[in-house]
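Read the structure below first, then the notes.
The values are calculated or read from the model by the stated rules, or taken from the named source; none is laboratory data. What you are looking at is a predicted structure, and each value in this text was computed from that prediction instead of being measured. Counting neighbours? That spans all protein chains shown, and the Cβs are built from the backbone with ideal geometry, glycine included.
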Amino acid sequence: MSFLTMTNLEKLFGQNRVVKDFSLSVEKGEFISLLGPSGCGKTTVLRMVAGFESPTAGGITIDGKDVTGLKANSRNIGMMFQAYALFPNMTVADNVAFGLKVKGAPRAERDARVAEMLALIGLEDLGARFPFQLSGGQQQRVALARALAPRPSVLLLDEPLSALDAKVRVSLRNQIRQIQQDLGITTIFVTHDQEEAMSISDRIVVMNGGVADQVGAPFEIYNRPRTKFVANFVGTLNTFEVEVTDPTTGRVTLAGQGLSLPNAPLAAHVGEKLSVALRPEALRLGRLPDAEALLTAKVTDVNFMGSVIRLKADLAGAAVSLDTFNRPDTPPPVVGSEVEVSLSGRDFILLQA
Amino acid sequence: MTRFFAWGTFLLGCVFFALPLIGMTEFSLKMRRGEYSFDAYRRVFEDQRFWDTFSYSLILAAATIVVGVLLVVPTAYWVRLKLPQARPVIEFITLLPLVIPAIVIVFGYIRLYNTSSFLPLTGSALGTDILLTMGYTTLALPYMYRSVDTGLRTIDVATLTEAAQSLGAGWVTILARIILPNVMVAVLSGAFLTLAIVLGEFTMAALLNRPAFGPFMQLLGANRAYEPPALAVIAFAITWGCMGLMQLVTRFSKHERAKA
Ligand SMILES: Nc1ncnc2c1ncn2[C@@H]1O[C@H](COP(=O)(O)OP(=O)(O)O)[C@@H](O)[C@H]1O
Ligand SMILES: [Mg+2]
């Protein structure tokens, strides 16, 4: 049995069914992200695990124990909030010590643990400060130390980086991941930022309207999205219409060029039009020897972003996005120019509605 | 022109409030014929009853503050956390003491808790003191509730509560270690207001026949000429002292926060 399980969770606020039949098994030491647009029920799922909301139906177990009816303060869970939520009347050290104090840990043990935690987050010298004397990033690190100090069985984070500025956000998310891996603590991380979720998670749960649309490793979610919603929410997509020429082998044509789709046999008949999608990096600039097809595209926009150059172009009757790496010896194509684009059928994504 | 009128009105207001005070203070200094002196004040301070009633009222004020804090802080906290829709109702209830005269409350008390009732509180001095403390708590309720509720508005009650809960804290710990320390300034200003109210209260103490400061002021006023204004000046000084302390506490805490 998995370390943390949620089984058929459901939550109604009045008549509003916010979480519908949500099931998830999390292994010990795993880092799971709940990813989805605002209002899709991520926070509600997290709050049910924490014990702040009780599910209308379904159950939750932690380490084999049913905690569905357990109060929040007896679940031994560490929680980090978007709004830091440090106790303003206490110093950093007292904030970190709070959970241990509540548990009745002796003074010496508390002090040792506080020192250990402050070292872990790299704020050894700030124990005597008050929260208002710290920057946002520092406050959130203290909140992490406070949550971890009582050795919780599960760590829950609800958009802990949203209130921080971009640089701090990236460095703190890496630090959170590092600490999580060092301690091997089972973690659920809520975010609406797909890049954040993909960069630090073992697995991602993409949520849509209170249900889990897809659960999988970041690579899987990005490259093999199962629904249109997942495909669109995670990353950018180019969609094309292709015509089926042989469903059993997965042969189709796009702008007169033959391609083999990956999921043969296709549930379609000859001559049927299919909607398929392609990630921007699967359209490759230039004539590549291993590519199945070569098309010409007209560049309509060039976005130089540093290591990556994002082009907009007209290709086979569709407006597409196309990503290519910067190369110091090759300037990017100019707007209005014609470029050759290589593509392969195996990179296409077939989407369920 | 508008400035002129604004200042004019302001000055008129000052005169309206200040003249009686100046007159009273001047009169209180005229006990000795032909010269100003503090004789009236000395008389007041030499009167043992002044000290007895004053310390009695101070003790009751302290008890009132403790009861008020224990009653109001958890209530205001709970309403903010769990029953935000009940806030108008609670606010209305806390305003009732301003509408219902103290004499009505005290007659109600005497009827309910007289010596032949199920809870004969008026039968003993301690019982009556408890009753009086409850009465004072009621009178101070509007002020105490408002200042604590305002204090709670400055912190994120819900998130702090949840943070503490996830760390294993129960309700008593949350109230005592998180909520109360964070609304201490508000509680203190409520406490000073309570002190001022209790020191000046007459009706309840007189009708319950307890030796409080209010009835003593009245007694002195009925029998003497120069001492009552002296006592009034002292009472004013105490009240203003309370208000000054309130300002100081508020300003001090603002200063603390501004250093951030
Ligand atoms: N306590 C509540 N009472 C009523 N509706 C709520 C409550 N909490 C959340 N909701 C509603 O549930 C939906 C999902 O909310 P939430 O779980 O916070 O979404 P997310 O975290 O994904 O943005 C929203 O439409 C929100 O308005
Ligand atoms: Mg949320």
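Being more than 16 Å from ligand 1 (Cβ to nearest atom) and closer than 22 Å to B:ALA169 by Cα holds for only one residue in A:VAL67, A:VAL26, A:VAL49, and it is A:VAL67.
Being within 14 Å of chain B (Cβ to nearest Cβ), more than 16 Å from ligand 2 (Cβ to nearest atom) and closer than 26 Å to A:LEU164 by Cα is the requirement here; does A:ILE62 meet it? Judged against the criteria, A:ILE62 is not a match. Screening the candidates A:GLY69, A:GLY51 for the property of being away from chain B (no Cβ under 14 Å) and not β-branched (Val, Ile, Thr) yields one hit, A:GLY69.
Within the stretch B:220-234, being surrounded by fewer than 17 Cβ atoms within 10 Å (Cβ to Cβ) and among the hydrophobic types (A, V, I, L, M, F, W, C) holds for B:ALA222, B:ALA225. Put simply, of A:ARG146, A:ARG141, A:ARG151 the only residue that is among the basic types (Lys, Arg), surrounded by fewer than 20 Cβ atoms within 10 Å (Cβ to Cβ), more than 16 Å from ligand 2 (Cβ to nearest atom) and within 24 Å of A:ARG75 (Cβ to Cβ) is A:ARG151. Of all the numbered requirements in (1) more than 30 Å from A:LEU134 (Cβ to Cβ); (2) away from ligand 1 (no atom under 16 Å from the Cβ); (3) assigned to a loop (DSSP other than H, G, I, E, B); (4) touching an Asp or Glu at 6+ places or on another chain (Cβ under 9 Å), A:ASN8 misses one, and that requirement is (3). Contact annotation: residue pairs with Cβ atoms under 8 Å, 6 or more positions apart or on different chains, pairing a residue in the stretch A:85-103 that is within 8 Å of another protein chain (Cβ to nearest Cβ) and free of Cβ contacts under 8 Å to residues at least 60 places away in the same chain with a partner that is surrounded by fewer than 24 Cβ atoms within 10 Å (Cβ to Cβ) and among the acidic types (Asp, Glu), are A:ALA85/B:ASP156; A:ALA85/B:GLU162; A:PHE87/A:ASP94. Being surrounded by 16 or more Cβ atoms within 10 Å (Cβ to Cβ) and near ligand 1 (Cβ under 10 Å from one of its atoms) is the filter here, so list the residues in the stretch A:29-46 that pass it. Hits for the stretch A:29-46 are A:LEU34, A:LEU35, A:GLY36, A:CYS40, A:GLY41, A:LYS42, A:THR43, A:THR44, A:VAL45, A:LEU46. Filtered by the rule that a residue be within 12 Å of ligand 2 (Cβ to nearest atom) and out of contact with any Ser or Thr (no Cβ under 7 Å at 6 or more places or on another chain), the stretch A:9-28 gives no residues. Comparison of B:ARG111, B:ARG42, B:ARG146 shows that the only residue that is basic (Lys, Arg), closer than 26 Å to B:MET217 by Cα and surrounded by fewer than 20 Cβ atoms within 10 Å (Cβ to Cβ) is B:ARG42.
Kindly indicate whether any position in the stretch A:176-188 is of a type outside the set (Asp, Glu) and within 16 Å of ligand 1 (Cβ to nearest atom). Checked the stretch A:176-188: at least one residue is of a type outside the set (Asp, Glu) and within 16 Å of ligand 1 (Cβ to nearest atom).
Of A:LEU120, A:LEU126, which residue is under 29 Å from the mean Cα position of the chain (by Cα) and either within 14 Å of chain B (Cβ to nearest Cβ) or surrounded by 15 or more Cβ atoms within 10 Å (Cβ to Cβ) (or both)? Walk me through it before giving the result.
On the way: A:LEU126 fails: under 29 Å from the mean Cα position of the chain (by Cα).
Going through A:LEU120, A:LEU126 in turn, just one is under 29 Å from the mean Cα position of the chain (by Cα) and either within 14 Å of chain B (Cβ to nearest Cβ) or surrounded by 15 or more Cβ atoms within 10 Å (Cβ to Cβ) (or both): A:LEU120.
Go through A:SER201, A:SER171 for me and flag whichever is away from every other protein chain (no Cβ under 14 Å), more than 16 Å from ligand 2 (Cβ to nearest atom) and farther than 17 Å from A:LEU35 by Cβ. Exactly one of A:SER201, A:SER171 is away from every other protein chain (no Cβ under 14 Å), more than 16 Å from ligand 2 (Cβ to nearest atom) and farther than 17 Å from A:LEU35 by Cβ, namely A:SER171.
Out of the residues in the stretch A:72-84 that are facing chain B (nearest Cβ under 8 Å) and under 12 Å from A:ARG146 (Cα atoms), state the one that is surrounded by the most Cβ atoms within 10 Å (Cβ to Cβ). Filtering first and then ranking leaves A:MET79. When A:MET207 is tested against (1) closer than 18 Å to A:LEU156 by Cβ; (2) within 16 Å of ligand 2 (Cβ to nearest atom); (3) under 8 Å from the mean Cα position of the chain (by Cα), only condition (3) is not met. For the stretch A:88-106, indicate whether the set of residues that are part of a helix (DSSP H, G or I), away from ligand 1 (no atom under 16 Å from the Cβ) and acidic (Asp, Glu) is non-empty. Yes, the conditions are met somewhere in the stretch A:88-106. Within the stretch B:149-195, restricting attention to residues that are hydroxyl-bearing (Ser, Thr, Tyr) and within 11 Å of another protein chain (Cβ to nearest Cβ), which residue is farthest from B:GLY244 (Cα to Cα)? Only one residue fits best here, namely B:SER166. Pick from the stretch A:29-58 the residues that are in contact with a Leu (Cβ under 8 Å, 6 or more places away or on another chain) and either assigned to a loop (DSSP other than H, G, I, E, B) or not aliphatic (A, V, I, L, M) (or both): which of them is nearest to ligand 2 (Cβ to nearest atom)? By that ranking, first place goes to A:LYS42. Any residue that is in contact with a Leu (Cβ under 8 Å, 6 or more places away or on another chain) and at pLDDT below 90 - is there at least one of those in the stretch B:18-30? Within the stretch B:18-30 (the criterion being in contact with a Leu (Cβ under 8 Å, 6 or more places away or on another chain) and at pLDDT below 90), the answer is no, since none of the residues qualifies.
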